[in-house]
Structure formats: structure tokens, C-alpha cells
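Here the structure comes first, spelled out in C-alpha cells, and everything after it is commentary.
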Amino acid sequence: MRKLLFESLIKPVLTETQPDPDLAMCAELATALGQSARQRLGRSLAIREIDAGSCNGCELEIHALNNAFYDIERFGLRFVASPRHADVLLVTGPVTRNMREALERTYNATPAPKWVVAVGDCAADGGCFAGSYAVVGGVAAVVPVDLHIGGCPPSPETLLKGLLALIQDAAHGSASSP
Amino acid sequence: MPSLIEALAGAAPSNGHYPWPRRVVDERTWSVLVGQLGEGRWTLAGLWGDAGAVHMALLDTGRGELAVATLACPDGRFPSIARHHAPAHRLERTISELFGLEPVGDPDDRRWLDHGRWGVRHPLGACSEADGEGASYAFLAAEGEGLHQIAVGPVHAGTIEPGHFRFTANGETVVRLEERLGYAHKGVESLMAGASLERAAHLAARTSGDSTVAYSIAYSRAVEAALGIEVPERAHWLRALMAEFERIANHLGDFGAVCNDAAFALMHAHTAVLRERVLRLSKSCFGHRLMMDKIMPGGVAVDLDGSGAEDIRSLLATIRETFPQLIDLYDETASLQDRTVGTGTLTHALAHQYGCGGYIGRASGRSFDTRRDFAYPPYDSLRFDVPLFQDGDVNARVWVRIREVEQSLGLIDQILSGMPPGEISVAPRPTGKISEGVSLVEGFRGDILCWLRLDSGGAVARCHLRDPSWFQWPLLEAVIEGNIVADFPLCNKSFNCSYSGHDL
């Protein structure tokens, strides 16, 4: 183990430079959120992930945000175990009818101010599962959504761009509002 | 002793069923087969409903035979299989709630995937409206002084899929665990009915996102069997290349994640880097990090070019250089082994009874791998071992995964050097008649069964996808008994069953 740890000290760092936040997402956020909410949340956000019925593809890519290449914690973004500790709910999947109540209860357990980010094409409108007897639809059909990050699944880089848009300072957010 | 197909004395259906036979049997033959299942003669590979009938896929693993038995249920009932063969339990409950066919004598009449929230009952059978308010669920009891319950899920502390676990514990020791699944039920089979081949391929690829390649192969092979399509040789090899990529990526990720659940984050950090490299290479070679929608009926969507092959060889070299250090790290860290050795032991008898596939079965001495025992191209011309361990604990499951990564590296070598040139796909054409196909494919988690019926226009009339987790989830309940609550994450992660693939 010592050899491995020592090598980590001398090997070049894997972590990549920060991608620019997605401007379209910044604009969506600026219209969705008041400046005061942004100031109150600050630049450090606690994220609670909720799988509302996804195929697990989005979860795999959300996991990847923690690896050495993306290292999401360097931006002050971290995943927490309880909605009671969270500022952001990261919701994946078409919301299944069997998960609807669990999603509502998790949302209600999260203290305000809070943001909801819908991750993946299914979370936007149910994706390829829309129209099923077992699916309610996108996340917005159950809880208010502040930001959509599309993709099937979105790559870690796309996810990072969206999440960085969240922690852009309020001035940037209001500047890009229409 | 009669072979499986001899035991299935019955009429062949009027339409074709390929490549393995299907027989419509009477109730007496059905009962004999179920009795033999209970005695361990056959392995249950699937049990699913249809309009007015139930189908049961059986394996004779010794002879490498698969056959499907069908029992017509004109009065909406069929004799319970679970009564004689416990692995059929949840499958039977699912048939009952999706199709409204009643398993007579089933010891458990609680609903499984249907939580009473769909607003309909029997969505694939005689569909009727229901209130959708949600039904209560009676968990099985455990009684005694000092017992307490711990309810976990469906929203978990980690970034994982939704499911509910109800523990009954005596102090730290788990007395009983009962799972409640179905939260991720999306009605995939109802969406499949009437779908075009392309749309159904899209759905099959999203049945369980971590196994998207394996599901796409299973679905495509079933379609190709039904339509009698000969896939170009090169397409088989490209499929196998993607499948081994998927296996390595998942094994690497889970190897680290198991260690992480014992608070050994160092391993997780290193395996996550390797996993990311595999995903990035998948993206550069095939155009998608998880290789979704790159395999479809008739072949594959993307070819591998020369520079892609070079990049793959280079990554293989990187993994071969790094991975042994990580194996040593695992093997030499006593505090980590203290958590994995002897934890969550699955007996050989249970693994065998449940026909438990993948690394879970192989860690408990069940030597079964579809790539070898029901070989499909190109695996029938490749050399590889099926790693086998006997201890059945978390440690054994980790070791199977480690050894399988090594085998997959060797397979990729052979695929790169042996891949024939030529076309990569042919267009599937409808045959103008109803046809049926079945396939069995080895995903990273175990064997995936796909059965489907195509209508005369070439659209999907009925498609059933059976995830390996159906025969693994129940065993997780068994292995946790007598372990401490804190070891559940280790047991769960070392199983890594699919929620979405199971819930469909």
C-alpha cells in the first residue's frame, strides 16, 4: 500500500481543468431562481441523488463525477446521505408511479431554499418510457424543477457543466437572464 | 434418463420457435416437469405470462439444452410452481399481477411489483381500472424479545437504485431481511407490445443501464433467431468486444465499490480511474460511454477502425500494469479482508437450487457461464476459463470478479487478433408470418434470457426479458442472516443485483 500511496504523490494529477458552465443552463436557472436564493445557498452545495425509476445509466455517470478525472468535490459540490442535509436534489429517471410518493416525501424533507435538477432524457418527459401505465412522466410532473440536464445518460462532463451553472455567482446568473 | 426435450412431450406451436424448442404441454406433463424442477433435474431459466398462457424456460445445464414449456390457462389459473420450487416465487406473483392469471396453491399471495399505484390492474391481461391509492404490504414476521426493525429505502443513502429493505435485528445481528422491490417498474413489457424492432431495441437497451450491451445482444439474438437472420461474422466479434468492455468496466467499478463499503476508499479511487479509462475508450471506439444502442438486430451500428484497435491494446497494457498492484493491495490488507472473508456466505445448495448465475453463483461453486455452456459466436471459437470459487462469501465474489477481469483481457486480445473483416450488419426483413425466438446471453451479472414473438409485419407482439437478478435477489435475504447490519452494504454490493432489470 505504501508504494501505491507514494506513487500517487509523484505521478501527474489526473484531474482535468474545469469545463465552462453551460450558458443555456445558466439562462434556464436565471429565470427559474431569484437572486436571493442563490446568495443564500452560496457556492457550496450539498446534493442528494434520487433515482425515481431510472435504468441505472444516469447513476453510473453521476458516480463518475467522484472519480479523479472530474473530482466534483473541488467545486464545493458534495453528495450527502439525507435530504435533510441537501440543497440540491438530483433526480433521475422517469418518475414511476411506485416512486412518486417517495420523491414527494424526499422533496418535502429537504429544507428550503432548495433546487431540483432533473438528470437525463427520461427525467425531462419520461423519455422512452413515457405513456406507460407505470410511469407518471418527467420529474416536473411531481416536483418543481429548476434545471434540466439532458442526455441518455448525460456524460460526467455535461453533468459537471450543469452543476457548475448552479454555483455560478449571482451576478453571472442575472447577467445572462433575458 | 430422457433429455429435456423428450421430457417435454407435447405439441409444437404452429409458428416457429428458434433456436431452441417450445412445446405446449398438458397439466400432467407440466406437473411432472415442476416436480423434476423441485428435485433439481432442471434449472428454472424463466417463467412469464402471455395471453391466456404461461411459459416456463428450463435448462439442462449438463447437456447445454434449453426448452420452453407452455401451459394454456383457459380458466385463468395455473398450478403454482413456487409451491414445489421456491425460485419461481416472485416470477409467479408477477404473472399474477401483470396478466391476472392465478397461481393455484401459491403460498404467498402478496403483490410484488404492483404496489397498488398504477391506477390499473392486470395491465398486460384483462386490464381494469383501480384506485391507484397504494396498498399496504405485510412484511413477514419475526418475533422474540429484543427484536427491532430497521426500514431502509426506497431512497437510499448512496447513489443507488430504489428498493426497500426491511431488517429485523437482534442488537447488531440481522435475524431476517425482507426485500420489497418494484419501485423502478416502468412497464417495459407493455411498451414492447406492438413496438417496432427499432423501438423495442431502444427499450431493451434501457432495461438495466449497466448491462445495456448484454441486453442489446440478448434482444438482437432473439430477433435474429425468430427471423432466421444470419448476422455477418464480424458483427459477432464486435458484439463480444463491447460485451467484454462492459464486463471489465462493471467489475472494476464494483471491486472498488465493495472495498469502499468497508471504508477502504483508496481502492475505489484507483479502480474508478481504470473504469473511467474503459468508458472513455468505449466512447472513442464506439461513440457512447456505455455503448448504448450500438447493437441492434442484424448486427452492430459501428465498426472498429485501426486506430481504435491500437488504443484498445494500449489500454489493455495499462490495465495489466496497474491491476496486479490493486490485487496485491486487496490481498495484503488484513483490515479489509477482515470485513470480506466469511461475510455473507451463500451455500452451494442455494446457488444451485436458484440457478444463480454470474459471479454470485460462481463464487459458491456453481460452474455455469452461458458463453461456455450455451456458447454463441464468437465465444465458441475463443479460449477462456470460467473462474470458480467455493467459499461463497464476499471475498469469493470479489475474487471471481478479479479473475474475470483477467479472462476478459485475454478475450479482448483474441478478439482483436482474430476479428474477421467484412460487413457489420444486415437489414432485418419481416418473414410475413408469426415467429418466435429465444436467447440466453452472459451479461456481467449473469445470464439474461430474452423471449419474444414477432407478428407477421415484423413488429414485436410480446417480449419478455429476464434479468439474472430474479434468481439472485432472494439469495441476498439468505446470506445476510446472522451477519451484522453494518455488513449489509458489503453483501449487497458484492451481489450488486439490478433493481431496474428486475422491476422491468
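The values are calculated or read from the model by the stated rules, or taken from the named source; none is laboratory data. These figures come from a predicted structure and were not determined experimentally. Here the Cβ is made from the backbone with ideal geometry for all residues, glycine too, and neighbour counts use every protein chain on show. When the accessible area is computed, the model is the full protein with side chains, heavy atoms only, and any ligands, DNA or RNA have been set aside. Shrake-Rupley method; radii C 1.70, N 1.55, O 1.52, S 1.80 Å.
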Note: among B:Asp311, B:Asp328, just one is farther than 29 Å from B:Thr61 by Cα, of a type in the set (Asp, Glu) and within 14 Å of another protein chain (Cβ to nearest Cβ), namely B:Asp328
Mind listing whichever residues of the stretch A:54-74 are open to solvent by 30 Å² or more (accessible area, probe 1.4 Å) and more than 9 Å from chain B (Cβ to nearest Cβ)?
-> A:Asp71, A:Glu73, A:Arg74
Exactly one of B:Gly365, B:Gly432, B:Gly410 is assigned by TED's automatic domain parsing to the domain that holds B:Ala249, surrounded by fewer than 20 Cβ atoms within 10 Å (Cβ to Cβ) and modelled with pLDDT under 95, and that residue is B:Gly432
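Being closer than 21 Å to B:Gly355 by Cα and either free of Cβ contacts under 8 Å to residues at least 60 places away in the same chain or open to solvent by 10 Å² or more (accessible area, probe 1.4 Å) (or both) narrows it down to one residue among B:Asp75, B:Asp26, B:Asp106; which is it?
B:Asp106
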Meets criteria (aromatic (Phe, Trp, Tyr), outside the structural domain of B:Tyr379 (by TED's automatic domain parsing) and open to solvent by less than 10 Å² (accessible area, probe 1.4 Å)) for B:Trp451 | no
Residues satisfying the stated conditions in the stretch B:33-64, i.e. within 19 Å of the chain's Cα centre (by Cα), surrounded by fewer than 20 Cβ atoms within 10 Å (Cβ to Cβ) and in a strand (DSSP E or B) = B:Asp60
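Per-residue answers, yes or no, for (1) in contact with a Leu (Cβ under 8 Å, 6 or more places away or on another chain); (2) closer than 27 Å to B:Arg117 by Cα; (3) among the β-branched types (Val, Ile, Thr):
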{"position": "B:Leu59", "(1), (2), (3)": "yes, no, no"}
{"position": "B:Arg63", "(1), (2), (3)": "yes, no, no"}
{"position": "B:Val68", "(1), (2), (3)": "yes, no, yes"}
{"position": "B:Ser80", "(1), (2), (3)": "no, yes, no"}
{"position": "B:Ile95", "(1), (2), (3)": "yes, yes, yes"}
{"position": "B:Pro103", "(1), (2), (3)": "no, yes, no"}
Taking B:Gly132 as the residue in question, decide whether it is open to solvent by less than 40 Å² (accessible area, probe 1.4 Å), part of a loop (DSSP other than H, G, I, E, B) and either at pLDDT below 90 or within 11 Å of chain A (Cβ to nearest Cβ) (or both).
-> yes
Could you list, in sequence order, all residues of the stretch B:345-394 that are closer than 30 Å to B:Gly299 by Cβ, part of a loop (DSSP other than H, G, I, E, B) and of a type in the set (Gly, Ala, Ser)?
-> B:Gly357, B:Ala375
Please report, ordered by residue number, the strands (runs of 3 or more DSSP E) entirely within the stretch B:420-504 with at least 2 residues that are closer than 30 Å to B:Asp338 by Cα.
-> none
